[in-house]
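S.K.: Before we start, here is the structure in question, set down as structure tokens.
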């Protein structure tokens, strides 16, 4: 009987396992192998060139710019949308009426295709000839080497914070009401209730979202590509756009794979930190 | 009951899969015809309608063996790259030019079109430089659907308002732009928003009109390095031009060809600097309905280097046509290409779609007087370009003639324009990339300019 249950268990996880192996593990292994080759991405021919791709990338100034931009992206996304998300979630927590309506409104940019969001910003807001920036006589941030990264990040954060709001609100609503009521009875104000009751209660959610944000930040691509294409003068290049240019403009898939591998390395670090923190929480 | 339901589900799945596979090339079409696939970029609806009428209906009615289907998609370049790599994709391959096809030809992804060239007489029909550029090791792998030049579109009304004539020299051009800026207009309109390779147009133009086609030819042959002083000077000239605001002013990063043409039609600038294919964007804003067709004019970009002949053209192709090595209907694909490289096809397409169909025929037998709207100045401009090509007065558009990684390096020319890199450092990087591609024989055969 136990053997049969075990077999059923294996049978049930088999589809997910096969899918994971097929679309994650196998391509992952291929990416590792390709990063040591000069494969053009077109035909079957390639040569193993050792660490040459990594040497070329590390010697390229643009890689440094891309890496630094990814780090800036992480810092921005760990703070700005997280703070706004927490704030809006806290405000919505108190608002029983219209709460669902506001959640839908906040979530809307998240469910729209990035290309739609980018077009809305490009044509209505950032447009110097007829858009809001043009109306005020301002140059849009995407046009300057100093601000282009932030110009793309603002749009991405605008699309992302609604998702965090919904997640944080869901987590805050799981907080036991007796704890909240006890704190209020003891004379705690709104800030103290938030700081000492809600915040510890949603800590695992904050942690998970933080790690996911770090991983997503190193994979950033769509909004940068749609709004600046890494420019002007490669000032907003992130590793995603840097790899994409190797793969689809220069036909250097080997180098693109090497960049992809470096991107994954940072995601891996974030995952390890999350696992370590989770285990520490359990043991404590 | 359960068994019947299962049979119904399986049958539906089989039918669905059959439906999915019906788009594969080579499958039987209606009436015993074979289906030919051609993937094309996502042209505007009016232009798609022209293509459906002239190409699809025209070709399908011209013979009874094949049914041509065209898929329009803005991501066509990437889709074709991925499909060809997997030995899939359309029968007729739409590419970005000879450099693109050379990269795929050496990997065996494109079919040798030499036998079809002999059958249809393409070599005697197509402009020599354009035919030669599509060959790899003496075999033909691609032909351009259209040639293009990079020049200056002007709004006659704005020039009249400024009290100036159409410029004929570089000094006159910049003087008019200075006057326009002083009058609160954009010196010129153009930009790379949404498509960074637009930068290649302008660096190609400066390499052509300053360094000269022959110098660039020598660099592409590996006879001189890309750090040659003449090339460094051309890059520096392009940076000065950009920094003076002559290229879209402050808005280069936030304009594209479509919005630029719109601004030109509204009189916000005297000039739009860009490729002749931009006639297709102009037709949206300068047309018979708006009654402003006569306001738009086009001239080749004036030379900076006075030792070069004038006019002097930056030769490029809008796209290239090849046959997929994995196609089951290579004969049919060749028939489509032959149809698209005909005088009658060029005549029909140019009636409603100026800018994209300057078929590179030795005898481009189109009379501008037979056309109305923007097709008239477009046909006239192409006749001039073809004459310039026959005289050897041309340079090279990077996106067409430079190998892929070198062309991609030139896309980053804005690093020099925005002062983040010196011309010398930029070209040193270009030279390193180019030497690698030269070794891999990725440089397409090039026509040698006369000067």
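Just so you know, all these numbers are worked out from the coordinates, no wet-lab data involved. Source: prediction; values computed, not measured. Cβ atoms come from the backbone with ideal geometry, glycine included; neighbour counts cover every protein chain shown.
S.K.: Most mobile of A:61, A:70, A:53 per a Gaussian network model of chain A (Cα springs, under 10 Å)?
M.R.: A:61
S.K.: Quick check: the angle from helix B:375-391's long axis to the longest principal axis of chain B, C-alpha only, nearest 10 degrees?
M.R.: Roughly 80 degrees, rounded to the nearest 10.
S.K.: Under the definition of partner shielding as Cβ atoms of other protein chains within 10 Å of a residue Cβ, what is the mean value for peptide A:226-237?
M.R.: The mean count of partner-chain Cβ atoms within 10 Å per residue comes to 5.
S.K.: Given the convex hull over the Cα atoms of segment A:35-283, what projected area results after averaging over all orientations, in nm²?
M.R.: Average of the hull's projected areas for segment A:35-283 equals 17.8 nm².
S.K.: With Rg and the Kirkwood Rh both taken from Cα atoms, where does Rg over Rh land for chain B?
M.R.: Reported Rg/Rh (Cα atoms, Kirkwood Rh): 1.01.
S.K.: Evaluate Rg over Rh across segment A:1-158, taking Cα atoms for both radii and Kirkwood's formula for Rh.
M.R.: That ratio is 1.13, to two decimals.
S.K.: Ok, one more. Could you line up B:120, A:10, B:154, B:252 from fewest to most neighbouring Cβ atoms inside 10 Å?
M.R.: Working: B:120 18, A:10 10, B:154 24, B:252 27.
With the fewest neighbours first, B:120, A:10, B:154, B:252 line up as A:10, B:120, B:154, B:252.
S.K.: Considering only C-alpha atoms, what is the centroid distance from segment A:58-136 to segment B:307-364, in Å?
M.R.: Answer, in whole Å: 44.
S.K.: Here's a follow-up. In degrees, nearest 10, range 0 to 90: what is the angle between the Cα axis of helix B:170-182 and the longest Cα principal axis of chain B?
M.R.: It is inclined by approximately 90 degrees.
S.K.: Moving to a separate point now. When only alpha-carbon atoms count, how far does the protein assembly as shown stretch along each of its three principal axes, as whole angstroms with the largest first?
M.R.: Projected onto the principal axes, the Cα atoms of the protein assembly as shown cover 91, 71, 55 Å.
S.K.: So for each of A:39-51, A:259-271 I average, over its residues, the number of other beta carbons within 10 Å; can you give me the resulting order with the highest mean first?
M.R.: A:259-271, A:39-51
S.K.: P(r) tail for segment A:1-78, what percent of Cα pairs lie past 19 Å?
M.R.: 66 percent
S.K.: I'd like the orientation of helix B:76-85 relative to chain B: the angle between its Cα long axis and the longest Cα principal axis, in ° from 0 to 90, rounded to 10.
M.R.: The angle comes out at about 50 degrees.
S.K.: Continuing with the same structure: Can you grab the distance from the C-alpha centre of segment B:47-63 to the C-alpha centre of segment B:127-141, Å, no decimals?
M.R.: Computed from Cα coordinates, the inter-centre distance equals 27 Å.
S.K.: Using only Cα atoms, locate the centre of segment A:202-270 and the centre of segment B:393-411, then give the distance between them in Å, rounded to an integer.
M.R.: What the calculation gives is 28 Å, centre to centre.
S.K.: Between Rg and the Kirkwood Rh of segment A:68-161, both from Cα atoms, what is the Rg to Rh ratio?
M.R.: Rg divided by Rh gives 1.03.
S.K.: To make sure I understand, if each residue's beta carbon is the centre and we count other beta carbons within 10 Å, what order do B:277, B:264 fall in, fewest to most?
M.R.: Fewest-to-most Cβ neighbours within 10 Å comes out as B:277, B:264.
S.K.: Given Cα pairs under 8 Å that are at least 6 residues apart, what percent is the relative contact order of chain B?
M.R.: After rounding, I find 25 percent.
S.K.: Order these by the 10 Å Cβ neighbour count, fewest first: B:130, A:209.
M.R.: A:209, B:130
S.K.: Taking beta carbons within 10 Å but only from partner chains, what does the mean come to for residues A:128-137?
M.R.: 2
S.K.: For peptide A:39-48, how many partner chain Cβ atoms fall within 10 Å of a residue's Cβ, on average?
M.R.: Mean shielding count: 4.
S.K.: Using Cα-Cα distances under 8 Å and only pairs 6 or more residues apart, what relative contact order does segment B:226-327 have, in percent?
M.R.: Reported as a whole number, the value is 13 percent.
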